[in-house]
Amino acid sequence: MFAVNLGLSLPPLPPTNVPWPGMHVLVVHFPIALLLVAPVFVLLGLIFAPRWQGFAVSAVLLLALGTAGAFLATATGLAARDIVEEGPDEMFDVMEEHEEYALLTRNIYLGVTIAYAVFVLLTLTVSSIGKAVVRVPISLIFLVAMAVAALYLAHTAHLGGTLVHQYGVKAKLSETPPPAEADKQHAETETKDQASEATSEQEQAAQSQEDEKESETSEPHLQPQPQPADQPASPSEANSSGESPSGQSESKQGNE
């Protein structure tokens, strides 16, 4: 309502028909952010000792959500890998390394999350473990473990970025082709239609020429009939020569 009162239009909803392999590009960034922020809360718990329990519980929640997102990201990433068919050998080498580091990073964070959650639970239930003399060294050990896991996570993300920005690997976000591919397919279809029309016109022209040739060969050739030499000329031929029949009779009588 506030946006409507200001004259602002709401953006359209994201597509809901995204295939499973295309979900990788949509979910992969959330576990990266959550898992990298979790050590910050562990460090804040060491700095602000009176409130360390709240920071520790927040770190556990971030680690749990980030690890769950890592499982989702690896599952969708494996599905996205299966639909990639063409590319140079270097690209597939990077893709294989990306897959190996993604699975390894997911397993490392799974172990760190479970261990840190058990540690925080013990600090809340066992008073001796919750004391600073025990809690601080163990928290520092977890900070080191999370830093090492963050290095694996950063390298995995770097390999994924290399696949996208260097080799142009794209996720399939819709069952329908994107506008560029749709225009290309439309242009190819029009070209094929034009070629087929031109071919049909040529075939029709050739067929018409063959029909004309056949009609010419089937018609008989009329040749003039020769007249006998002793046959008198017809009146029409005499008229055409300029002599009348009366003139011919007069000339005959004069000869006699």
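The values are calculated or read from the model by the stated rules, or taken from the named source; none is laboratory data. Since the structure is predicted, the reported quantities are computational estimates derived from the model, not experimental observations. Glycine gets a Cβ as well: all are built from the backbone with ideal geometry, and neighbour counts include every protein chain shown. Ligands, DNA and RNA are stripped out before the accessible areas are found, and what is left, the full protein with its side chains, is counted by its heavy atoms. Shrake-Rupley method; radii C 1.70, N 1.55, O 1.52, S 1.80 Å.
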Could you check the spin-label model distance between L110 and L10? Points 7 Å from the Cα along Cα→Cβ, value in nm. 3.9 nm
Added length on full extension, which subtracts the Cα-Cα distance from 0.36 nm per residue, A75 to A33: 13.3 nm
Using 0.36 nm times the number of residues separating I129 and A49, minus their current alpha carbon distance, what extension gain do you get? 27.4 nm
State whether region 1-136 is rounded, prolate or oblate according to the following rule on the C-alpha gyration tensor (a ≥ b ≥ c being the square roots of its eigenvalues): a/c under 1.5 gives rounded; otherwise a/b larger than b/c gives prolate, and the remaining case gives oblate. oblate
At what distance in angstrom do the alpha carbon centres of region 15-56 and region 58-118 lie from each other? 14 Å
Charge dipole of region 1-118 about the Cα centre (unit charges at C-beta), most positive-ward option of L104, L26, P11: P11
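Among the chymotrypsin sites (Phe, Trp or Tyr not before Pro) in region 15-81, which ones are in a DSSP loop with at most 11 other Cβ atoms within 10 Å of the Cβ? Mind listing them?
Here the sparse-neighbourhood loop sites are F48.
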With a 10 Å radius around each residue's Cβ, average the other Cβ atoms per peptide and rank 119-128, 143-152, highest first. 143-152, 119-128
Low-density loop positions, trypsin sites (Lys or Arg not before Pro), region 50-156 - DSSP coil, at most 13 other Cβ in 10 Å: K131
To the nearest Å², the heavy-atom accessible area per residue of region 101-179 with 1.4 Å probe amounts to 57 Å²
Send over the Kirkwood Rh of region 46-89, from the inverse of the averaged 1/r over different Cα pairs, rounded to one decimal Å. 13.4 Å
Carbon-plus-sulfur fraction of the accessible area of region 1-90, 1.4 Å probe, in percent? 72 percent
With +1 assigned to the C-beta of every Lys and Arg and -1 to the C-beta of every Asp and Glu, and no other charges, what is the dipole magnitude of region 50-150 about the Cα centre in debye, to the nearest 20? 1360 debye
